[in-house]
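Worksheet: one structure, shown below.
Every number in this text was worked out from the coordinates using simple rules, so none of it is lab data. Keep in mind it's a predicted model, so treat the numbers as computed, not measured. For neighbour counting, all protein chains shown are included, and Cβ atoms are generated from backbone atoms with ideal geometry for every residue, glycine included.
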Amino acid sequence: MWTDKSVHFNFGQKLVPEQLNSIGQYSKQRDEVIEHITSGGRGIVKGYGDELNIIVSENDPLMIAIMPGAVLGNFGQLIIFNEPILMNLNGIVAKDPQQFVLYAYEEQILENPVTDHEIPELGGHQYRTNIGKVGISKEVPANGIAIGHVKLDKNVERLTVQNEVSDTPGVIYTCLRPYYYSFNRYFVDYTFQKNAKTYVSDFRASLIQVGTVFVGLKSLPRCIDRVVYLEAEISDRFFIMSKISYLLMETHKVFNDLVEDLRHLTRDAQRDYEQVWQDLFALAESLKSEDDNVNMNNFKALSELASYLRTHLIKIDSLDAKNTLIQESLADIKAFPFGYHRKHSFGGTIFKKIDSIGSTDFKERLAINSDFTVQRIVEVNLGEGKSETIKGQFVGKGSIEINLANLTNDKLAIIMLKCLKRRGALSLTFIMNGQPIQDFNVSSAELVNQAINLGALINPSKIIDGDNLLTIQVNNTDLDVGILEVTMYQESETKDL
């Protein structure tokens with residue numbers, strides 16, 4: 001454990017070399033501790049030099065060259081390799097097959113001594129240099145970072161290097177080496193972030209849709225996890241470009257695994273998917289980018305993959321199948337906090353907000369036909385231990401009429417109601433232009449004094465171009481029901497995102 005203690009000199013004090021040397025040593029150790037605490041990382045620094053790549057010599061098959069790079073050590077020390085390091089493994093070939101590990105470490109050397117020529121009997125000063133070195137042993141020492149593994153025996157005559165684990169003697173594999181990613185944040189403009197979020201959300205929705213059609217895909221959860229991580233990284237406008245680039249690369253890898261799983265799962269099917277696999281692999285190549293300046297094309301490739309999956313693989317040709325997925329998605333958000341954002345994906349279909357009525361609009365937008373109605377400010381239980389103070393329009397049995405504008409009769413629509421359910425049972429009916437859409441019945445034991453989201457899918461046949469009349473019929477309630485927000489969504493094409 002490092003102690004934050006440095007030397008303090010007094011006036012007239014006679015100094016010894018150890019005291020003066022401790023000044024530089026303290027600064028170096030303090031920097032290493034700060035780096036270790038703040039970054040929490042270790043490994044080969046990604047993108048610096050040649051990343052300590054291992055190359056086998058053309059002239060000597062048992063000679064390797066470790067190329068320039070940098071390593072962040074286990075204790076926060078930065079180890080620089082400015083020149084290639086040659087290492088001959090001929091002298092350590094074991095009689096029996098044994099596993100060895102190549103590791104990078106730091107060594108301090110003193111060089112270039114300087115003395116006073118007038119008083120040569122007094123010692124002068126030297127320069128301390130920290131250099132990177134490479135060792136080989138059966139285990140990685142505490143001060144080392146693994147850069148490669150290899151099994152050796154007396155029959156090894158030639159070394160090779162690969163990126164996959166191998167038990168073959170003479171094969172150096174580098175897939176287990178740790179990497180350190182230097183994350184720099186960049187402030188991106190609103191449009192860039194908005195589009196990136198939409199593309200990533202669209203891709204995640206399509207993956208979930210794939211899971212509903214093809215059951216038993218082991219790689220699908222891993223692929224969705226990578227996309228969720230990506231969504232988290234772009235949640236605000238400070239992008240860590242190098243981390244996003246890394247996550248896109250990881251998404252590319254696990255998506256390729258997913259395609260292989262799909263290929264194996266459909267091997268015995270009577271449908272020819274071969275062209276689909278080729279197209280998916282080709283589209284996924286757009287995600288590969290080792291350039292930290294990730295551009296919108298990388299994110300747009302996710303949306304293109306989502307569109308291709310839906311069009312060529314999932315193949316939801318019937319409106320009924322599509323509607324079922326949307327309705328299942330609407331049922332899932334019933335009892336959870338849900339923000340009515342500008343765009344949402346329901347069951348793999350993107351919907352765009354068309355109209356919204358909140359507390360400031362109730363007086364002008366709601367036509368209430370009920371024996372009881374009043375506005376109240378209440379603390380609403382949103383579920384999952386969360387609450388929020390909201391103004392709501394509370395009504396008893398009766399009806400609420402709302403004029404909705406800007407709808408078209410060529411696309412699906414969704415009406416979302418956020419309301420506060422009381423203790424007793426609640427029964428509502430959504431009616432569009434005089435035609436019943438959906439009944440909602442919530443028992444008295446469900447979601448007591450909690451905000452709930454009720455969503456209904458509306459087919460284009462029940463919509464007219466322009467203004468539409470929505471009626472919320474309150475059939476049964478305990479005293480009253482709180483209307484908190486009403487929002488209308490309509491289907492949006494991917495190209496409009």
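If each residue's Cβ is checked for other Cβ atoms within 10 Å, how do 485, 260 rank with the fewest at the top?
Placing the least packed residue first, the sequence is 260, 485.
Taking θ = phi - 60°, what integer Hz values does the Karplus form 6.51 cos²θ - 1.76 cosθ + 1.60 yield along the stretch 395-404, in sequence order, with x for Gly and Pro?
Each residue of the stretch 395-404 in turn: 9, x, 4, x, 9, 10, 10, 9, 8, 10 Hz.
Residue separation times 0.36 nm, minus the C-alpha to C-alpha distance between residue 260 and residue 274: what's the value?
Contour length minus Cα-Cα distance gives 3.9 nm.
Around residue 340, which amide H atoms from residues at least 5 apart in sequence, or from another chain, sit under 5 Å from its own amide H, with H modelled in the peptide plane?
none
How far apart, in nanometres, would the label points at residue 359 and residue 163 be if each is projected 7 angstrom from Cα along the Cα-to-Cβ direction?
Distance between the two pseudo-spin positions: 5.5 nm.
Set the Förster radius R0 to 56 Å, insert the Cβ-Cβ distance between residue 374 and residue 225 as r into 1/(1 + (r/R0)^6), and round the FRET efficiency to 0.05.
It comes out at approximately 0.75.
From the backbone phi of the stretch 154-167, what are the Karplus-calculated ³J(HN,Hα) couplings (6.51 cos²θ - 1.76 cosθ + 1.60, θ = phi - 60°) in whole Hz, Gly and Pro given as x?
Residue by residue, the stretch 154-167 yields 5, 8, 6, 10, 8, 9, 9, 10, 8, 9, 10, 4, 9, 9 Hz.
Rg to Rh ratio, the stretch 390-497, alpha-carbon atoms and Kirkwood radius?
With Rh from the inverse mean 1/r over Cα pairs, Rg/Rh is 1.00.
Which net charge results for the neighbourhood of residue 171, defined as the other residues with beta-carbon distances under 11 angstrom from its beta-carbon, given Lys and Arg at +1 and Asp and Glu at -1?
Within the 11 Å Cβ shell, the charges total 0.
Most exposed first by the Cβ proxy, i.e. fewest other Cβ within 10 Å, how do 179, 173, 489 rank?
With the sparsest Cβ surroundings first, the list reads 179, 173, 489.
How much net charge surrounds residue 486 when only other residues with a Cβ under 12 Å from its Cβ are counted (Lys, Arg +1; Asp, Glu -1)?
For residues surrounding residue 486, the net value is -1.
Students often get this wrong, so check it: of 353/386; 343/418; 194/352, which have C-alpha atoms separated by over 22 Å?
As for pairs spanning more than 22 Å Cα to Cα, those are 353/386.
So for 264, 344, fewest C-beta neighbours within 10 Å to most, what's the order?
264, 344
May I ask for the net charge around residue 189, where only other residues with Cβ less than 14 Å from the Cβ of residue 189 are counted and Lys, Arg are +1 while Asp, Glu are -1?
Overall, the nearby charge balance is +2.
Given 0.36 nm per residue, what is the gain on full extension from residue 129 to residue 448 after removing their alpha carbon distance, in nm?
Using 0.36 nm per residue and subtracting the Cα-Cα distance, I get 107.8 nm.
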